[in-house]
Amino acid sequence: MNTPDPMALLERVVARMPDPVGREQASLLETELAATHGVAHAVVVSSGTAALHTALVARGIGEGDEVLLPALTVIMTVAAVVQARAHPVFVDAGPDGEPLDLADAASKITPRTRAVLPVHLGGQCGDLDALAELAASAQLDLIEDACQAHGSRYHGRLLGTIGRAGCFSLKDGKLISSGEGGYLLTDDPDLAARATAFQSHWQIPAAGEPALSRLGTNYRLAEPLAALARVSLAGFDERLARRRHAASRLIDLVGDVPGLIPILATSGEQPNGYSALWRILLPEPRRLCRRLAEVGVINSVGTFDLRAAHLHPACRPLHPASCPRAAHAADCLLAVPVPDDDTRLTEIATLIRTEISAW
Ligand SMILES: *Cc1c(COP(=O)(O)O)cnc(C)c1O
């Protein structure tokens, strides 16, 4: 793909701003996203959380429905399920720290369960085939939270294109970004039409429905951001290759440190290098992660207070089941977003080695 000149694009978009400009850049972005991911439809929205909420609503999931999701996830996934007015049911991690324990998921399926929502943290997905099989046999939608998984593959297929819908974020720091934004991918024309209707107050009606026949919302992606996302997408292949290389370089540079075990790709996984992942086998791992954050190593526990979702005070009103393995896996996880700059990469590796060795 030719990389569009961002300044020229923005100038054109801004020049048109006094008039309602419609969805010119957003539509072009949708066409390009669908083509590069090999899916029939992409629907662009204003954030990753909005993409998750929109996918659920577009499948008619709401009041009285249950959605299975890993307890080992970020709070945004939970928020999207609650925004759809469905009930999040947390699934524990597997015995070896796999993101989602299949037996626990199967045991939590009820007649109200509509969907299972795996979250590919750090661009890794675990045994997605087995989960897809479980979803198919129980007639549940598989909706992927692929907000950290741009370009990750599983048995050769792109994450976010395996379930009925895959949801992505375009926030700064994600592998394709425009500052803020999101999109969903699907091969289901009905889901795509409803998602398109929902993201703009049902003004662009789904087939067979009059405009404004339902309440939607404003999850539109602003045109200047859609233009910037197109620029980011055009440079994606190169960025992905760099990021993968940098992630394995960071793991190598940190090397063997007692108490720190790299979480490497399992068979079939080809992660995108979004984060370098380790398991910490040392006392007080959360305090260690906070210490790393203090010395400048951004990491999910130390910087963003990642913990198993059922332990968040904000999730208490949901009466979550206890998921002890997910709690432990979150506490022991060191997930470090991989910097694009080689000098910074070397500094981070040294800081991790030094702090862990001294702990
Ligand atoms: C970033 C992220 C989100 C939310 O995306 P926003 O664009 O910030 O709404 C959801 N899930 C995961 C796993 C994320 O990393």
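The values are calculated or read from the model by the stated rules, or taken from the named source; none is laboratory data. None of the values given here were measured: they were computed from a predicted structure. Cβ atoms come from the backbone with ideal geometry, glycine included; neighbour counts cover every protein chain shown. Areas reflect the complete protein model, heavy atoms only, side chains present, ligands, DNA and RNA absent. Shrake-Rupley method; radii C 1.70, N 1.55, O 1.52, S 1.80 Å.
Identify all residues within segment 58-77 that are open to solvent by less than 40 Å² (accessible area, probe 1.4 Å), within 25 Å of H201 (Cβ to Cβ) and not small (G, A, S); write none if there are none.
Hits for segment 58-77 are I61, D65, V67, T77.
Under 29 Å from A105 (Cα atoms) and out of contact with any Cys (no Cβ under 8 Å at 6 or more places or on another chain): which single residue out of L9, L33, L69 fits that description?
L69
Taking the condition out of contact with any Gly (no Cβ under 7 Å at 6 or more places or on another chain), open to solvent by 20 Å² or more (accessible area, probe 1.4 Å) and under 21 Å from V57 (Cα atoms), does D187 pass?
It is true that D187 is out of contact with any Gly (no Cβ under 7 Å at 6 or more places or on another chain), open to solvent by 20 Å² or more (accessible area, probe 1.4 Å) and under 21 Å from V57 (Cα atoms).
Can you find even one residue in segment 344-353 that is among the aliphatic types (A, V, I, L, M) and touching a strand residue (DSSP E or B) at 6+ places or on another chain (Cβ under 6 Å)?
No, the conditions are met nowhere in segment 344-353.
Taking the conditions exactly as written (under 18 Å from the mean Cα position of the chain (by Cα) and more than 16 Å from the ligand (Cβ to nearest atom)), does E98 satisfy them or not?
So E98 passes the test.
Out of all the residues in segment 2-54, which are under 24 Å from the mean Cα position of the chain (by Cα) and part of a loop (DSSP other than H, G, I, E, B)?
G38, V39, A40, S46, S47
State whether one or more residues within segment 81-93 are within 16 Å of the ligand (Cβ to nearest atom) and modelled with pLDDT under 95.
no
What are the residues in segment 271-316 that are surrounded by 19 or more Cβ atoms within 10 Å (Cβ to Cβ) and in a strand (DSSP E or B), if any?
S275, A276, L277, W278, I280, listed by residue number.
Looking at this structure, is L228 within 19 Å of the chain's Cα centre (by Cα), surrounded by 18 or more Cβ atoms within 10 Å (Cβ to Cβ), of a type outside the set (S, T, N, Q) and modelled with pLDDT of 95 or more?
No; evaluated as a whole, the condition is false for this residue.
Here are some conditions: (1) over 28 Å from I176 (Cβ atoms); (2) of a type in the set (D, E, K, R); (3) loosely packed, with under 14 Cβ neighbours inside 10 Å. D104 meets all but one. Which one does it not meet?
Going through the list (1) over 28 Å from I176 (Cβ atoms); (2) of a type in the set (D, E, K, R); (3) loosely packed, with under 14 Cβ neighbours inside 10 Å, D104 breaks only (3).
Output the number of residues of segment 209-225 satisfying the condition of being touching a Lys or Arg at 6+ places or on another chain (Cβ under 8 Å) and open to solvent by less than 40 Å² (accessible area, probe 1.4 Å).
1
Identify all residues within segment 169-195 that are of a type in the set (A, V, I, L, M, F, W, C) and more than 10 Å from the ligand (Cβ to nearest atom); write none if there are none.
L175, I176, L184, L185, L191, A192, A193, A195
Restricting to segment 240-270, give me the number of residues that are more than 15 Å from L121 (Cβ to Cβ), in a helix (DSSP H, G or I) and in contact (Cβ under 8 Å) with a residue 60 or more places away in the chain.
Total meeting the criteria: 8.
If you scan segment 28-72, which residues turn out to be within 15 Å of the ligand (Cβ to nearest atom), of a type in the set (G, A, S) and under 18 Å from T217 (Cβ atoms)?
Listed by number, the residues that qualify are S46, S47, G48, A50, A51, A55.
Got a number for residues in segment 112-153 being within 16 Å of the ligand (Cβ to nearest atom) and in contact with an Asp or Glu (Cβ under 7 Å, 6 or more places away or on another chain)?
Here the count works out to 8.
A quick yes/no check of all residues on (1) closer than 26 Å to T266 by Cα; (2) in contact with a Lys or Arg (Cβ under 7 Å, 6 or more places away or on another chain); (3) open to solvent by 10 Å² or more (accessible area, probe 1.4 Å):
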| residue | (1), (2), (3) |
| --- | --- |
| Q124 | yes, no, yes |
| H150 | yes, yes, no |
| I162 | yes, no, yes |
| E180 | no, yes, yes |
